[in-house]
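The values are calculated or read from the model by the stated rules, or taken from the named source; none is laboratory data. What you are looking at is a predicted structure, and each value in this text was computed from that prediction instead of being measured. Note: ideal-geometry Cβ built from the backbone for every residue, glycine included; neighbour counts use all protein chains shown. Accessible surface areas use protein heavy atoms only, side chains included; no ligands, DNA or RNA. Shrake-Rupley method; radii C 1.70, N 1.55, O 1.52, S 1.80 Å.
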Amino acid sequence: MDNIAGHKSSLTWAVHISVVLLVALWLFPTVGLFVSSFRTADQIASSGWWNAMFPTEQSLTLRTADPDAQVQQDGVYVIEGNLFAVEGRDPAPISTFGISSRDVSAFQPGDTAELRDGSALTLQANGDYRLVSAEEITGTRGSRVFVSAEIPPEFTLRNYDTVLGQDVVQRLLMFVGAGLVLWGVARFVLSSQPPVVAQALPVVAGLALMAALAVGFGLSSGAAEGAQTTDDMARAFLSTLTVTIPATIIPIVVAAFAAYALAWMDFPGRALLIAFVVGLLVVPLQLALIPLLKLHLSMGIGKGYLGVWLAHTGFGLPLAVYLLRNYMVGLPRDIIENARVDGATEFQIFTKIILPLSFPALASFAIFQFLWTWNDLLVAKVFLIDASGQTTVMTNQIVELLGTRGGNWEILATAAFVSIAVPLVVFFAMQRYLVRGLLAGSVK
Amino acid sequence: MHPALQGLLTIVIGVGACLSYFWASNQFLDRVLFPAKGPNAGRNINRANMIRPWLFLFPALFALSLYLAYPVFETIRLSLTDRVTQPDGTTVYHFVGLGNYIQMSGDPKFWEALWNNMLWLIVVPALSTAFGLMAAQLTDRITWGNVAKSLIFMPMAISFVGAAVIWKLIYDARPPDAAQIGVLNAVYVSLTGNDPQQWLTVPFWNSFLLMVVLVWIQTGFAMVILSAALRGIPEETIEAAIVDGANPFQIFFKIKVPQIMPTIMLVWTTITLVVLKIFDIVFAMTNGQWGTQVLANYMFNQLFVTRDWGVGSASAMVIMLLVTPILVWNVRQARKEMR
């Protein structure tokens, strides 16, 4: 349309600028979370994430070395060293310091401050200190020193170690690398195969990768020793995966058969059944919570994975049947009738012709259902999570973190990003099918 | 057993059972019940073909009826009863008529939830559709439009809970003398010089701050659908308008928008459905405190915190009631298409 007469070039610029602004606005929140997940707690608390690339003025509470380190020189007791080295930090230029929490910037570097027990502390800008006392210094720990320092930007994977367990991110990258290599090799080997195989392959490879990841996380969840239960996202990640995969695959199988019957078989009441499915499409699942929980409890399923799989299957079916039926109706009639004439049974027609041809619709629904079950909180809370605390999902874990560690943004941001990462990968890898599904589902 | 192994096993058993059900029942039908040979071959084939659709449909119909249709009626029943635990530990349900509804209408939190839901219903679909339309129109005209689209569409993949964390960081407030790490407060403090605000506790406006989250998520959806609709507009109508001297804004508002009106309505209703069921965002960000309650969260509280199943079911029925017009309209559309 750009070359249509009467089109103003100034307007083109306005369009470009507005789109840039719009995209920036939409991306900004997510980027904030992403950046924050790689910053240390001190950094997050002392500056907004948009300043992450710049050095920040931070208030630190450091300690001198323990009294064990004192030496006797010329009749006085002395402790010497570097404040940053005591805590294993990198040195940073100190701008002010203090010895009381009420006045943290009382002294300039080079000044000597008198401590309460009569000793004198001299602190240089680079963190070197000299603590001098006439009497022997007692106590079990060093004196506290409040320091304001210019800390250079620092990015770390430590938050991920806390949230997922030691070195999980590194291991994960290894898995992904291996998976990609495997995928590439398989793709190369099978490049001469028919397109159905070539198309289904990435899905199979993805599932294999997920299984590998699941096992990997299973092994590593024990490694997160010492981490608090609330921080143990690795376990939650695993449960989420356990909920999601069966809850995605089972409705597809069930819905595909039903959709075929509704699309290509003639029987009385078909139109009524389609209307029934369309009606159920909008029934709020809130209505189902109590009746089904009652039912599950009375059947002895109780709260657990089986219950949540069944619930997700039930709630996902209307969309699955609707999407797949709409797609299957559009398949060419000739193919199916020729197959019937050639003596194929309905079962053969379904598995050998309809299923392969419906791959795009199956993929669309699979993505919807995957995103929905992965991101779900309500169904998991009602049908899965019991008082024992053995089962949880990531969304629930994050809500709990929001309650218990609302101020610890490094933990929160990392936990949230871990739960968002998988859907984002799926989204960007399979966006084509997602869009197609949306259009098939809502615009005829 | 390890849950991952259990999960894998379930997939194998579940999918295997599904497939073997379909295969075995078809075999049974064709080989044993109505074999397509012998004296009655023709009649048998017809009979088998009459039964087969129901074999294919049975699992889906069973699950749909049990998990979606039955709960509607059971919820109606529960909303008319009170759950009473007797001294011996058993639970009985007493019929109380409209008692639960009357009790609910006396609860100010319910009216707050209903009022807030109405606000959500007005604001979120309107803003999402408007932004989506704008984004669709703008990105359709530029070369890197597809990249822009997929970035605006991205929040769709993010869970409501994840989005709640993302936006809580934006609304975060620190003490006045500390550096502000929430964007909103950083901007607010530097522009006005006032003390930072705890945004999520500011009455009335905090609901809108929660709505922003849903608008952020749903705009991408609206954009994708509307962009497809915009591309479907016949070129001739636009060319004719250009020849007649219409400016770009006139073309957009007077030529394009009226032609995609049905799609706009469809996007609007779809987002309305999402809004009616909105739960996670409110639950994770404020849990209905400070006057931000909505119906779905009110219901969750009644069911699992207060443990009053009667009132909880009654509020679920209110949500169902609000959805019903859309349900009827949808079913009518579907039946019209079928003819």
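Annotations
- Looking across A:ARG340, A:ARG325, one residue alone is modelled with pLDDT under 85, assigned to a helix (DSSP H, G or I) and either open to solvent by 10 Å² or more (accessible area, probe 1.4 Å) or under 30 Å from A:MET233 (Cα atoms) (or both). It is A:ARG340.
- Exactly one residue out of A:VAL104, A:VAL23, A:VAL15 is within 14 Å of chain B (Cβ to nearest Cβ), open to solvent by less than 50 Å² (accessible area, probe 1.4 Å), more than 27 Å from the chain's Cα centre (by Cα) and more than 30 Å from A:LEU164 (Cβ to Cβ): that is A:VAL15.
- Subset of region B:220-245 (residues that are touching a helix residue (DSSP H, G or I) at 6+ places or on another chain (Cβ under 9 Å) and farther than 23 Å from B:ALA126 by Cα): B:PRO234, B:THR237, B:ILE238, B:ALA240, B:ALA241, B:ILE242
- Helices (runs of 4 or more DSSP H) enclosed by region B:1-113 - at least 2 residues per element that are over 24 Å from A:ALA275 (Cα atoms) and among the aliphatic types (A, V, I, L, M): B:3-27, B:41-64, B:99-105
- Filtered by the rule that a residue be crowded, with 17+ Cβ neighbours inside 10 Å and either among the hydrophobic types (A, V, I, L, M, F, W, C) or touching a Gly at 6+ places or on another chain (Cβ under 8 Å) (or both), region A:36-68 gives A:PHE38, A:ILE44, A:ALA45, A:GLY48, A:TRP49, A:ALA52, A:LEU60, A:LEU62, A:THR64, A:ALA65, A:PRO67.
- Unique residue being under 30 Å from B:VAL84 (Cβ atoms) and either free of Cβ contacts under 8 Å to residues at least 12 places away in the same chain or part of a helix (DSSP H, G or I) (or both) when the list is B:GLN302, B:GLN293: B:GLN302
- Checking the stated criteria, A:LEU331 turns out not to satisfy the condition of being of a type outside the set (Lys, Arg) and either in a helix (DSSP H, G or I) or not assigned by the TED database to the domain that holds A:ILE249 (or both).
- Qualifying residue in region B:234-244 (condition: under 33 Å from the mean Cα position of the chain (by Cα) and assigned to a helix (DSSP H, G or I)): no
- Count - residues of region A:373-394 that are on the phi < 0 side of the Ramachandran plot and touching a residue at least 60 places away in the same chain (Cβ under 8 Å): 15
- Note on region A:291-313: residues that are part of a helix (DSSP H, G or I) and either surrounded by 24 or more Cβ atoms within 10 Å (Cβ to Cβ) or on the phi > 0 side of the Ramachandran plot (or both) amount to 6.
- Helices (runs of 4 or more DSSP H) contained entirely in region A:347-444, each with at least 1 residues that are over 30 Å from B:GLU337 (Cβ atoms) and within 11 Å of chain B (Cβ to nearest Cβ): A:359-375, A:378-383, A:394-404, A:409-429
- Selected residue [closer than 20 Å to B:ALA136 by Cα and open to solvent by less than 20 Å² (accessible area, probe 1.4 Å)] from B:ILE278, B:ILE255, B:ILE260: B:ILE260
- Unmet requirement for A:VAL283, which otherwise passes all of (1) more than 17 Å from A:LEU377 (Cα to Cα); (2) facing another protein chain (nearest Cβ under 9 Å); (3) surrounded by fewer than 21 Cβ atoms within 10 Å (Cβ to Cβ); (4) not charged (D, E, K, R): (3)
- Filtered residues of region B:100-144 (kept if hydroxyl-bearing (Ser, Thr, Tyr), open to solvent by 50 Å² or more (accessible area, probe 1.4 Å) and within 12 Å of chain A (Cβ to nearest Cβ)): B:THR143
- Residue match in region B:158-180 (condition: out of contact with any helix residue (DSSP H, G or I) (no Cβ under 6 Å at 6 or more places or on another chain), closer than 27 Å to B:LEU138 by Cβ and open to solvent by 10 Å² or more (accessible area, probe 1.4 Å)): no
- Residue in region A:264-275 that is farthest from B:VAL328 (Cα to Cα), counting only those that are more than 38 Å from the chain's Cα centre (by Cα) and assigned to a helix (DSSP H, G or I): A:TRP264
- Condition met for B:PHE28 (open to solvent by less than 30 Å² (accessible area, probe 1.4 Å) and farther than 20 Å from A:GLN286 by Cα): no
- Condition met for A:GLY330 (under 21 Å from A:VAL278 (Cβ atoms) and open to solvent by 40 Å² or more (accessible area, probe 1.4 Å)): yes
- Within this structure, A:ILE94 passes the test of being away from chain B (no Cβ under 14 Å), closer than 30 Å to B:PRO196 by Cβ and at pLDDT 75 or above.
- Here A:TYR260 fulfils each of the conditions (1) more than 7 Å from chain B (Cβ to nearest Cβ); (2) at pLDDT 85 or above apart from (1).
- Within region B:56-99, the residues that satisfy the criterion of being more than 27 Å from the chain's Cα centre (by Cα) and either facing another protein chain (nearest Cβ under 9 Å) or surrounded by 18 or more Cβ atoms within 10 Å (Cβ to Cβ) (or both) are B:PHE56, B:THR81.
- Among residues of region B:192-211 that are over 24 Å from B:SER128 (Cα atoms) and outside the structural domain of B:VAL161 (by the TED database), none has a Cβ under 7 angstrom from a residue that is at pLDDT 80 or above and open to solvent by 50 Å² or more (accessible area, probe 1.4 Å) at a sequence gap of 6+ or on a separate chain.
- Filtering region B:289-339 to residues that are more than 8 Å from chain A (Cβ to nearest Cβ), buried (at least 20 other Cβ atoms within 10 Å of the Cβ) and either within 18 Å of A:LEU273 (Cα to Cα) or small (Gly, Ala, Ser) (or both) leaves B:GLY310, B:ALA314, B:SER315.
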